[in-house]
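Below is one structure; the comments refer to it alone.
The values are calculated or read from the model by the stated rules, or taken from the named source; none is laboratory data. Model, not experiment: these values are computed from the prediction. Backbone-built Cβ (ideal geometry, glycine too); neighbour counts: all protein chains shown. Side chains included, ligands, DNA and RNA excluded: accessible areas come from the protein's heavy atoms. Shrake-Rupley method; radii C 1.70, N 1.55, O 1.52, S 1.80 Å.
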Amino acid sequence: MTKTSFKPRVFSGIKPSGGLQLGNYLGAIKRWVDMQGPNFETVYCVVDLHAITVWQDPAELAAGTREIAAGMLASGIDPEKSILFNQSRVSAHAELGWIFNCVARVGWMDRMTQWKDKAGKNAEKQSLGLYAYPSLMAADILLYHATHVPVGEDQKQHVELTRDIAAKFNHDYKTEFFPLTTPVIEGPAMRVMNLRDGTKKMSKSGESDMERINMTDDADTISKKLKKARTDPAPLPETLEGLAGRPEARNLVDIYAALSDRTAEQVIAEFAGAGWGTFKPALADLAVEKLAPISVEMKRLMADPAEIDRILRKGAERARAIAEPILARTYEIVGLQRG
Ligand code: AQP
């Protein structure tokens, strides 16, 4: 078997731990859409096994899995161009995840900032799965021999850990079987922040609905949330450096830049000296123009869950065709007898 396919392979995923939020869209999905095409083979996954590292209501998990898939489709993921599926339909993820649990070191997991943030002072009460999450994520990526992983800034450390796991596996088993992955983190909104506190990232599971834009929000809600977003009293500066120490202002400029496919510098140049009374309505209009059609399309797709299931089932068949030979070869390398 060849180690990589002709085109470099991209893998990325989103966990159905709540509805999609703007950070998932700008930090991940929007860029996944752009990577579809002649340069890459793209594999995108609703990572439901990751969602259950924190307890999920079973009915909500099933509905949430379809909702995330609908969000990806509505944003422009094309199931003909990309492989789109949900993780639990391809059992090889869990199997390779176990092998990587035996390769990764406890000390590596201890250093993961997302583990520290999520577990906080209550680490002993967290699931073992939450602790081992990065090892399953390494399996998700390496099961496809993916080399490019487009993620938001918060996932960079986990993709780097994937390299460490691949390198240790290759070293321990004297092979070059697993490729080294590169996190692809580029663009103005790789860390979209909470609309009420610019020092915290926007999350699906954040406490207040006003702190995030949900991808299912309608035009009025998107506009209201952005107009009420917390800011400071100063107008926008002449240069980007003038936004230092102003996290809420920086966040809104970054969101504007990402939605308009421009750089933050270009946005500042256009709005230099403008007050929030000018900038916020412009941002709200832009966000409604770009996001409201996605929300409408998501609702249309979600009205036909059988069609979403059909797409995910078909995507899983294509995913299995790549993953199963890679898993089988991994078993052989490790010396696990299955014949
Ligand atoms: N605020 C964000 N800014 C930029 N990118 C973000 N991503 C998430 N939040 C932001 C990116 O979205 C992809 C999928 O993330 P995930 O759902 O697998 O996990 P997460 O990063 O833990 O997302 P949430 O919304 O914060 O979920 P909860 O609240 O359940 O923990 C990733 O590429 C991520 O970088």
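A compact table of results
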read-out: Residue among M193, M210 that is at pLDDT 95 or above, more than 20 Å from V43 (Cβ to Cβ), within 16 Å of the ligand (Cβ to nearest atom) and surrounded by fewer than 18 Cβ atoms within 10 Å (Cβ to Cβ); value: M210
read-out: Failed item, numbered, when S75 is tested on (1) at pLDDT below 95; (2) within 13 Å of the ligand (Cβ to nearest atom); value: (1)
read-out: Count of the stretch 138-160 residues which are open to solvent by 50 Å² or more (accessible area, probe 1.4 Å), without any contact (Cβ under 8 Å) to a residue 60 or more places away in the chain and within 12 Å of the ligand (Cβ to nearest atom); value: 2
read-out: Positions within the stretch 62-79 being under 16 Å from T42 (Cβ atoms), touching a helix residue (DSSP H, G or I) at 6+ places or on another chain (Cβ under 7 Å) and open to solvent by 10 Å² or more (accessible area, probe 1.4 Å), in sequence order; value: L73, S75, G76, P79
read-out: Sole residue being within 20 Å of C45 (Cβ to Cβ) and surrounded by fewer than 15 Cβ atoms within 10 Å (Cβ to Cβ), chosen from A321, A306; value: A321
read-out: From A258, A229, A274, residue being touching a Leu at 6+ places or on another chain (Cβ under 7 Å), assigned to a loop (DSSP other than H, G, I, E, B), closer than 16 Å to Q21 by Cβ and in contact (Cβ under 8 Å) with a residue 12 or more places away in the chain; value: A229
read-out: Selected residue [open to solvent by less than 20 Å² (accessible area, probe 1.4 Å), among the hydroxyl-bearing types (S, T, Y) and touching a helix residue (DSSP H, G or I) at 6+ places or on another chain (Cβ under 6 Å)] from S135, S82, S88; value: S135
read-out: Sole residue being under 22 Å from E307 (Cα atoms) and within 16 Å of the ligand (Cβ to nearest atom), chosen from S127, S88; value: S88
read-out: Subset of the stretch 21-54 (residues that are within 8 Å of the ligand (Cβ to nearest atom) and among the hydrophobic types (A, V, I, L, M, F, W, C)); value: L22, L26, A28, I29, V47, A51, V54
read-out: Tabulated pairs, the stretch 240-255, first over 21 Å from P281 (Cβ atoms), second among the hydroxyl-bearing types (S, T, Y) and part of a helix (DSSP H, G or I), C-beta under 9 angstrom, 6+ apart or interchain; value: none
